[in-house]
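One structure is given here, and the rest of the page talks about it.
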Amino acid sequence: MKPLKPTLLVLAAGMGSRYGGLKQLDAVGPNGETILDYSVHDAMAAGFGKVVFVIRRDFETQFKQVVGARYEALIQVEYVFQELTTVPPGFEVPATRSKPWGTGHAILMAQDVINEPFGVINADDFYGRDAYQQLAQFLSDSHGAQEHAMVAYPLRNTLSEHGTVSRGVCRTDEANQLLSVEEVTAISKTDTGAQAGKINFTGEELVSMNLWGFQCSIFDALNAQFREFLSAHGEEAKSEFFIPFVVDEEIKNGRSQVTVLRTNSQWTGVTYREDKAAVEAFIQQLITEGVYPNKLHA
């Protein structure tokens with residue numbers, strides 16, 4: 001039996017608070033292309049067979065018209081919604097809560113529409129062609145139900161010139177198996193690398209940019225750990241259920257293995273509005289080099 005093509009799960013429900021708008025829909029290419037357009041283009045070329053978008057209902061119509069409609073004739077497309085009120089039975093959303101529950105919760109929203117190995121990306125991150133090719137190859141190969149993957153980047157390639165960032169700093173063994181992911185916040189670029197408080201980085205440290213490859217067993221882990229998270233933090237106004245926390249817990253308890261795939265691709269993104277000009281220049285450089293056509297869509 002021919003294995004199913006992997007699915008691409010796109011996390012596009014973020015509020016874009018630091019950026020100041022719906023950055024998922026902001027054009028960075030010469031003919032109105034978004035970062036997401038380039039991501040789906042690369043994923044399709046790498047062999048992904050379906051795209052699932054995690055969005056919010058308040059911009060559903062706009063998102064489908066501006067983004068989703070471009071792909072519905074090219075690849076199977078589905079939509080799921082991340083809503084604050086979607087919590088397991090027995091839990092309630094506190095009146096003070098307005099912030100989404102985080103990336104782990106967003107992935108969980110897709111459990112009813114994904115039945116094959118799948119990759120996870122942020123809608124506003126440009127990951128590069130090689131990253132998708134490596135991830136698609138891993139997901140298309142035969143692996144155990146608890147064998148997942150993560151594409152990692154050198155920290156120096158993921159920093160912003162215009163403010164601090166949060167990154168999942170990874171530890172690996174000699175076999176490129178992930179040992180842990182530590183979420184480090186407020187990382188700023190320096191002349192010699194990067195810094196977060198009193199922690200100095202060389203810039204060569206491997207970090208997670210939320211580019212994951214999962215077997216469907218991850219949904220069981222997400223369901224169990226989300227309940228634990230809500231029991232401990234459900235009354236808090238801002239605590240988030242991040243996917244690196246889930247992966248880290250699975251590894252520490254010996255329930256899962258995660259292979260780290262090191263990519264040569266250049267990461268870029270628009271954490272802050274001031275980042276946009278640099279992203280536009282980067283895309284134009286790739287077009288000039290022949291990586292992408294000048295116009296991505298007919």
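Structure notes:
- Candidates are the residues of the range 262-277 that are crowded, with 19+ Cβ neighbours inside 10 Å and part of a strand (DSSP E or B); the one that is modelled with the lowest pLDDT is Gly269.
- Residue within the range 152-168 that is more than 17 Å from the chain's Cα centre (by Cα), modelled with pLDDT of 95 or more and surrounded by 19 or more Cβ atoms within 10 Å (Cβ to Cβ) present: no
- Flag if Gly119 is small (Gly, Ala, Ser), at pLDDT 95 or above and closer than 30 Å to Thr86 by Cβ: yes
- Verdict on Glu289 being closer than 29 Å to Phe214 by Cβ and free of Cβ contacts under 8 Å to residues at least 40 places away in the same chain: no
- Complete set of residues in the range 26-52 that are closer than 15 Å to Ala136 by Cβ and assigned to a strand (DSSP E or B): Lys50, Val51
- Residues within the range 146-168 that are more than 17 Å from Asp125 (Cα to Cα) and in a strand (DSSP E or B), tallied: 3
- Among the numbered conditions (1) under 24 Å from Pro89 (Cα atoms); (2) in contact (Cβ under 8 Å) with a residue 60 or more places away in the chain; (3) in a helix (DSSP H, G or I), the only one that Asp248 does not meet is (1).
- Applying the criterion of being in a loop (DSSP other than H, G, I, E, B) and charged (D, E, K, R) to the residues of the range 104-137, the residue that is nearest to Ala152 (Cα to Cα) is Asp124.
- Total residues in the range 69-97 satisfying the condition of being more than 21 Å from the chain's Cα centre (by Cα) and either under 23 Å from Pro244 (Cβ atoms) or surrounded by 16 or more Cβ atoms within 10 Å (Cβ to Cβ) (or both): the figure is 5.
- Qualifying residue in the range 185-203 (condition: aliphatic (A, V, I, L, M) and in contact (Cβ under 8 Å) with a residue 60 or more places away in the chain): no
- Pairing each residue of the range 33-50 that is touching a residue at least 12 places away in the same chain (Cβ under 8 Å) and farther than 16 Å from Lys64 by Cα with any residue that is assigned to a helix (DSSP H, G or I) and among the hydroxyl-bearing types (Ser, Thr, Tyr), provided the two are 6+ apart or on different chains, yields C-beta distances under 7 Å for Asp42/Tyr132; Ala43/Tyr132; Ala46/Tyr132; Gly47/Ser140.
The values are calculated or read from the model by the stated rules, or taken from the named source; none is laboratory data. In this text, all values refer to a predicted model and were calculated from it rather than measured experimentally. Quick reminder, even Gly has a Cβ in these numbers, built from the backbone with ideal geometry, and neighbours come from all protein chains shown.
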